[in-house]
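Single-structure report; data block below.
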Amino acid sequence: MKRIHQIFLMFLVIGTLSCKKSKAQVETKIAQPTKSYHQVKARTNADSPNWSTYTAKTIDRLPGFTYTKDPEVNSYGSWKVEKSAGSGFFRIEKRANRWWIVDPEGYPFIHKGVAVYRPGTSERQIAAVKTKYGSTSNWLKQESQYLKDNGFNGLGAWSDVDLVRTAQNPLVYTIIVSPMGSYKSQHIKNYGGKYEVAGWQGYRYDLAMVFDPEFDIYVEKEVSKIAKYANDKSLLGYFTDNELPWKNDALDRHLNFLGKTEAGYIAAKKWLDDRKGKDASITDVTAEDRLAFTGFYFETYLKKVTAAIKKYDPNHLYLGCRFNQSAEELNNPEMFKVAGKYIDIISINHYRKWEPDQTIMANWANWSGKPFLITEWYTKGEDSGLPNKTGAGWNVPTQADRGYFYQNFTIELLKSKACVGWNWFTYQDNDPLNLNTDPSNRDSNKGIVDSDFKPYQPLMDNIKTLNTHSYELIKFLDK
């Protein structure tokens, strides 16, 4: 009888251990180090014959990473852990050498967003809203919940913020105002609607006209529009302009191309005179001079726009002017040093790289002393049925490949302790039939949903996996 009792206890223990193991398998996922990472083909656009193969990490294959469930989130999408003092608005804070956004209640927040969140602009998209949702208010309710269900908590630039603000618990949004862009639209009329030489984003001689006294009028006019948002706790902050032409040889351009009575020439010549004496000319300019001038030039812009932002809204963060040129401002220590004096979170549109470079991101943080936010990045799937001939993002074969790219890119971002979020570009695909958009935004699979608001599920499955385990991933990477 004793022997039977011992056998019964032995089977009971084995059964109990077996049950516990099964439960653990359900609740805990352990990355499989024996699995290799995904290999993804990519090319620059559909016209390129050249495919390259890149490695894409995903968290289920990240060696040693065990993940179960991120902490509970509050209405802002912040994790309800490690609470600090809440200021009533979003702010930034550095803890244990990692930067965080801190929400109005004091909880840590990473801005996981999508840009251009709005209920369509083309005839096809507008019709799809009526068919699928019945109204824009229903679209807002259903799609906002869909984003939250997939781990998003924020919205990037060019979203329909006035519609978003009507929601009971709106996604944390951003606003873009364009004082320089608005000034350029007026300034070009002085030249019959066409500059003699126009460069990046159509700016004359690739120069932002920061020294023009007329620009000050547009700073005041455009930035004053933000006053109505000053007390909104769901607002993260403001961008000013987008991808301005911050050329490394801006000093040469001011002196060589502008007329001697133009404000830009006068400012550049005075700067050079003060630096090297009144007999100095363009032939005396060194690489060191050019670098120093970019800081002076950029600071002129920042002084004006930040003063206006603080005048009309002292409560919210300034998110910068969306750097994007890797050979220019993204590799310019002087500009990042200046940015750190005025910008709370530096915004960067990140293209032409399979993944962010750790050394470069470290430079951004060290030069500026501030965190950064990736405000545009994407890939296009060639299984979408769209031409995919335009846009700066990579082309990849499938939606699953887009998802692998998303995970790999964000894993690398979070390795940098200065990254406080990302805004995928964009919410909805371009509609090729919408000729009102510029050619670079007309025919490509950039969205997480198509023009009929149907999600790209393999992409979204990967996005959800990363987004809903990002806190655990941060803690793992910080070890």
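Just the ratio, please: alpha-carbon radius of gyration of the chain over 2.2 N^0.38 Å, N its number of residues. Write down the numbers at each step before the final one.
Numbers: Rg = 25.3 Å, N = 479, 2.2 N^0.38 = 23.0 Å.
For the chain, the normalised Cα radius of gyration is 1.10.
What residue among 171, 79, 120 has its Cα farthest toward the positive end of the dipole of the chain, where the charges are +1 on Lys, Arg and -1 on Asp, Glu, each on the Cβ?
In the chain, that residue is 79.
Give me the accessible area per residue for the chain, probe 1.4 Å, as a whole number in Å².
Working: 21280 Å² over 479 residues.
Spelled out: the 1.4 Å probe surface of the chain, per residue, equals 44 Å².
Counting Lys and Arg as +1 and Asp and Glu as -1, each charge on the Cβ, what is the dipole of the chain about the Cα centre in debye, to the nearest 20? Don't skip to the end; give the middle numbers.
Values: 64 positive and 55 negative charges, 362 e Å.
The dipole of the chain has a size of about 1740 debye.
Hey, which aspartates and glutamates would be in cross-link range of residue 310, C-alpha to C-alpha under 14 Å, not counting anything within fewer than 8 residues on its own chain?
Partners found: 220, 222, 344.
Based on the Cβ-Cβ distance of residue 327 and residue 149, what FRET efficiency does E = 1/(1 + (r/R0)^6) give at R0 = 56 Å, to the nearest 0.05?
Values: r = 40 Å, r/R0 = 0.71.
Approximately 0.90, to the nearest 0.05.
Take the Cα pairs of region 204-269, get the Kirkwood Rh, then feed it into Stokes-Einstein at 37 °C and 0.692 mPa s and tell me D in µm²/s. Walk me through the intermediate numbers first.
Working: Rh = 14.1 Å.
The diffusion coefficient I find is 233 µm²/s.
Considering only protein heavy atoms and a probe of 1.4 Å, how much of the accessible area of the chain is carbon and sulfur, as a whole percent?
Numbers: 11160 of 21280 Å².
That share works out to 52 percent.
I'd like to know which of 202, 242, 229 lies farthest towards the positive end of the charge dipole of region 200-262, counting +1 on Cβ of Lys and Arg and -1 on Cβ of Asp and Glu.
229
Count the DSSP beta bridges whose two residues both fall in the chain, then state the antiparallel fraction as a percent rounded to the nearest 5. Numbers along the way, then the final one.
Numbers: 18 of 43 bridges.
Of the beta bridges lying entirely in the chain, close to 40 percent run antiparallel.
The values are calculated or read from the model by the stated rules, or taken from the named source; none is laboratory data. Worth saying up front: this structure is predicted, and the values here are computed from it rather than measured. Neighbour counts are summed over all protein chains in view; Cβ atoms, including those assigned to glycine, are modelled from backbone coordinates with ideal geometry. Accessible surface areas use protein heavy atoms only, side chains included; no ligands, DNA or RNA. Shrake-Rupley method; radii C 1.70, N 1.55, O 1.52, S 1.80 Å.
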